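Peer 1: A single structure is presented below for examination.
The values are calculated or read from the model by the stated rules, or taken from the named source; none is laboratory data. Everything numeric in this text was worked out from a predicted model, so none of it was measured. Note: ideal-geometry Cβ built from the backbone for every residue, glycine included; neighbour counts use all protein chains shown. Ligands, DNA and RNA are excluded from the accessible area calculation, which covers all protein heavy atoms including side chains. Shrake-Rupley method; radii C 1.70, N 1.55, O 1.52, S 1.80 Å.
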Amino acid sequence: MTALSKSWERAVVPLFILATWEVFSRSGFLPAALLPAPSVVLHTWGDWIFGFDETSQGNTGRWLADALSSATRVAAGYGIAVVSGVALGIAIGWWRWVERTVEPTLQMLRPVPPVSWIPLAIIWFGIANKPAIFLVFLGAFFPILMNTIHGVKTADRNLIRAASMMGATEQQLLRHVVFPAALPSIFAGLRIGIGAAWMLTVTAEMVAVKSGLGYVLWDSYYFLRYDLVLAAMASIGLLGYATDALIKVLMSAALHWQHGSTLQSREG
Amino acid sequence: MASIELRNITKIFRDAKRKRDLLAIDDVSLSVEKNEFLCLLGSSGCGKSTLLNMIAGFEKPTEGSVTVGGKAVDGPGADRGMVFQQANLMPWLPVWENVAFHLRLKGWRKADRRDAAQDYIDMVGLRGFENHFPAELSGGMSQRVGIARALLLNPQVILMDEPFAALDAQTKMDMQEELVAIWQKQRCTVVFVTHSVDEALVLGTRVAVMTSRPGRIRELIALDLPRPRDTTGPRFNDHKRHILNLIREEGLQQRQVAVA
Ligand SMILES: Nc1ncnc2c1ncn2[C@@H]1O[C@H](COP(=O)(O)OP(=O)(O)OP(=O)(O)O)[C@@H](O)[C@H]1O
Ligand SMILES: [Mg+2]
């Protein structure tokens, strides 16, 4: 009951916006092509996904393929960023000498916006998946790295003492104490990183790749198909939301111990 | 052979920020025999934790040497179990995993770790809380997990830093009794830090009374009182009077130094 009424509460604002938008578009205040009504967008989107009447022309029925190629780039770039960001972050946070030798360089690269790498990325990798993956990596890497470093540095020294009292080697300390202690902070980085990853896939696809949701978005703009532009925007938003929700689920599974009030585990 | 041997220990904390060094421990020599229960008694800030940390291997003495079981201490190790002033449990592990953390490091299988932990969980009276996380425990319960964790190491030496300071009177008494029973059964050496005279007299085979900063051993008192200790008996109270006098003198001297 309450869950149902809560989901209604959540739907009120979007429904209101959609309804107003629909009425506004149909009133003829603006040319219909400039601001397609939600119903029109939905229709085009439907055709893009299921291919029933070719309103989306060449894109008809190709949504899944487009979404998959964007998602693959996100997964590849983000995956590389997660592995390297967490590993390097732990090394920088733990060993002073790594921090001294590596960190200044990274801190200098960090303020350079990932998009400004596009020209070099195209020269190095050509027009295909690779420059997009590279950009996604750049966007996700730094938030993950910074948050991992922070998590390691703020790990409780007393827990490290407790573990070494029980005979932990340095490697065991990193694995059994430092990593779990840094995990809340790492997850914060992962969530910022996934947002950056979607942003940069779409940007890369608008410039350097000939497939994916970002490409459809930009291509439709050239063909004045604003209904498709909007459908692409909605698709990206939806996928970004879904991946973030997935990370949130992983996070609450991995960090369930943080909630002092969990009742799931009584008796042994 | 003595179990723990401190020879002319001096500890200076260098304070780079304030450009002032702090003499925390000044020329302390002490030897603790095997199977002894030594209580370190002293006021707050006199260097009790520092001394314990040097035996545990977390801190290095500025001068002097520490040996445990004949071997020079050069770092922490599982031969010396420590119960910390704060429990210091891994918040992401349930009680039984915290207790069996040492076995996880040794690569034991989960089922075996679980079995081994159970004995110690029962010993400290936490049956039924095996799967609780530290955030779900009270302060006293956390402290007991810390004790179980140190006991599971089955160490020759147990170092305890005011482990019962946060407990209520009843729980404290139960835990003290439990600790004495464990010590008698496991035949280990205990160094127990406290600032409670009563606690030292209830537990120890010897009491080392420390001076205020810099920390020195003021007097070593052997207690040949029968157990369980009668806290109302005349001999108990003779010792208590004597120690309180020492502490009072110490306080007076400190104040005179401050005035001068
Ligand atoms: N890491 C450190 N760096 C600098 N000074 C320290 C450090 N650890 C302890 N000290 C100083 O050494 C002195 C002794 O500290 P210690 O923690 O050993 O006292 P204690 O006897 O355990 O006190 P309490 O009963 O309050 O726990 C204190 O004056 C403290 O300020
Ligand atoms: Mg202390």
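Peer 1: When the Karplus curve 6.51 cos²θ - 1.76 cosθ + 1.60 is applied with θ = phi - 60°, which whole-Hz ³J(HN,Hα) does each residue of segment A:31-40 get, with x for Gly and Pro?
Peer 2: Here the 3J(HN,Hα) series is x, 4, 5, 6, 10, x, 5, x, 5, 5 Hz.
Peer 1: Follow-up. Once ligands and nucleic acids are excluded and a 1.4 Å probe is used, how much of B:E249 is accessible, expressed in Å² to the nearest 10?
Peer 2: Spelled out: B:E249, probe radius 1.4 Å, area about 90 Å².
Peer 1: With +1 on each Lys and Arg Cβ and -1 on each Asp and Glu Cβ, and nothing else charged, work out how big the dipole of chain A is about its Cα centre, in Debye to the nearest 20.
Peer 2: Working: 18 positive and 15 negative charges, 172 e Å.
Value, rounded to 20: 820 debye.
Peer 1: In whole Hz, what ³J(HN,Hα) sequence does segment A:220-225 give by Karplus (6.51, -1.76, 1.60; θ = phi - 60°), x for Gly and Pro?
Peer 2: My calculation for segment A:220-225 gives 5, 4, 5, 8, 6, 9 Hz in order.
Peer 1: Highest first, please rank the peptides A:55-62, A:15-22, A:142-149, A:173-180 by the mean number of other Cβ atoms sitting within 10 Å of their residues. Numbers along the way, then the final one.
Peer 2: Details: A:55-62: 16.8, A:15-22: 12.6, A:142-149: 24.1, A:173-180: 19.0.
In decreasing order of mean packing, A:55-62, A:15-22, A:142-149, A:173-180 become A:142-149, A:173-180, A:55-62, A:15-22.
Peer 1: Ordered by packing density, taken as the mean number of other Cβ atoms within 10 Å over each peptide's residues, highest first, how do B:133-141, B:49-57 rank? The partial results should precede the final answer.
Peer 2: Working: B:133-141: 17.7, B:49-57: 22.6.
Taking the mean over residues of other Cβ atoms within 10 Å, the ranking is B:49-57, B:133-141.
Peer 1: OK, next. On full extension of the chain, what length is gained from B:N8 through B:D79, given 0.36 nm per residue of separation minus the C-alpha to C-alpha distance?
Peer 2: Here the segment from B:N8 to B:D79 would lengthen by 23.3 nm.
Peer 1: Averaged across A:156-162, how many Cβ atoms of other chains sit within 10 Å of each residue's Cβ atom? Mind dumping the intermediate values first?
Peer 2: Details: counts 4, 2, 7, 5, 3, 8, 14.
Per-residue shielding by partner chains comes out at 6.
Peer 1: Mind checking B:127-138 for the average number of partner chain beta-carbons within 10 Å of each residue's beta-carbon?
Peer 2: Working: counts 2, 3, 3, 3, 5, 6, 7, 2, 6, 7, 1, 0.
Mean number of neighbouring Cβ atoms from other chains: 4.
Peer 1: For the cross-link pairs B:K110/B:K172; B:K48/B:K240; B:K71/B:K240; A:K6/A:K248; A:K153/B:K106; A:K210/A:K248, which exceed 28 Å when the distance is taken from alpha carbon to alpha carbon? Kindly include the intermediate steps, with their values, before the conclusion.
Peer 2: On the way: B:K110/B:K172 32 Å; B:K48/B:K240 20 Å; B:K71/B:K240 35 Å; A:K6/A:K248 20 Å; A:K153/B:K106 26 Å; A:K210/A:K248 31 Å.
Exceeds cut-off: B:K110/B:K172; B:K71/B:K240; A:K210/A:K248.
Peer 1: May I ask what percent, to the nearest 5, of DSSP beta bridges between residues of the protein assembly as shown are antiparallel?
Peer 2: The answer is about 55 percent antiparallel.
Peer 1: Each residue of segment B:52-68 in order: what ³J(HN,Hα) in whole Hz does its phi give by Karplus 6.51 cos²θ - 1.76 cosθ + 1.60, θ = phi - 60°, with x for Gly and Pro?
Peer 2: 5, 4, 6, 5, 5, x, 7, 10, 9, x, 5, 9, x, 9, 10, 10, 10
Peer 1: Something else about it: What does the helix-only formula give at 222 nm for chain B: each DSSP H stretch with n ≥ 4 adding -39500 (n - 2.57), the total divided by the residues, and the result rounded to the nearest 500 deg cm²/dmol? Please list the in-between numbers first.
Peer 2: Working: 8 runs with 98 residues, N = 260.
Calculated mean residue ellipticity at 222 nm is -12000 deg cm²/dmol.
Peer 1: When you look at the Cβ of every residue in B:89-96, what mean number of other chain Cβ atoms sits within 10 Å? Before the final figure, lay out each step's value.
Peer 2: On the way: counts 3, 9, 7, 13, 3, 3, 1, 1.
Partner-chain Cβ atoms within 10 Å, mean over residues of B:89-96: 5.
Peer 1: Roughly how many Å² of A:K248 are accessible to a 1.4 Å probe, to the nearest 10?
Peer 2: Per-residue accessible area (A:K248): approximately 100 Å².
Peer 1: I've got another one for you. Please state the relative contact order of chain B as a whole percent: Cα pairs under 8 Å, 6+ residues apart? All intermediate terms of the calculation are to be shown ahead of the outcome.
Peer 2: Working: 466 pairs, mean separation 64.4, N = 260.
Averaging sequence separation for qualifying contacts and normalising by length gives 25 percent for chain B.
Peer 1: From Cα pairs below 8 angstrom and at least 6 apart in sequence, can you work out the relative contact order of chain A, rounded to a whole percent? List each step's numbers first, then the result.
Peer 2: Numbers: 312 pairs, mean separation 55.6, N = 268.
Once divided by the residue count of chain A, the mean separation gives 21 percent.
Peer 1: Considering chain B as a Gaussian network with a 10 Å cut-off on Cα pairs, which listed residue, B:L22, B:L126, B:L89, attains the greatest mean-square fluctuation?
Peer 2: Maximum among the listed residues: B:L22.
Peer 1: Work out the charge dipole of segment A:37-266 with +1 on the Cβ of Lys and Arg and -1 on the Cβ of Asp and Glu about the Cα centre, then indicate which of A:A234, A:V41, A:N59 is farthest towards its positive end.
Peer 2: My answer, from the dipole projection, is A:A234.
Peer 1: Just want the answer: with Cβ charges of +1 for Lys and Arg and -1 for Asp and Glu, which residue in A:F137, A:I160, A:H256 is farthest toward the dipole's positive end in segment A:37-266?
Peer 2: Of the candidates, A:I160 comes out farthest on the positive side.
Peer 1: Right, next: Per-residue accessible area for B:E199 at 1.4 Å probe radius, Å² rounded to 10?
Peer 2: Here the residue's solvent-accessible area equals roughly 10 Å².
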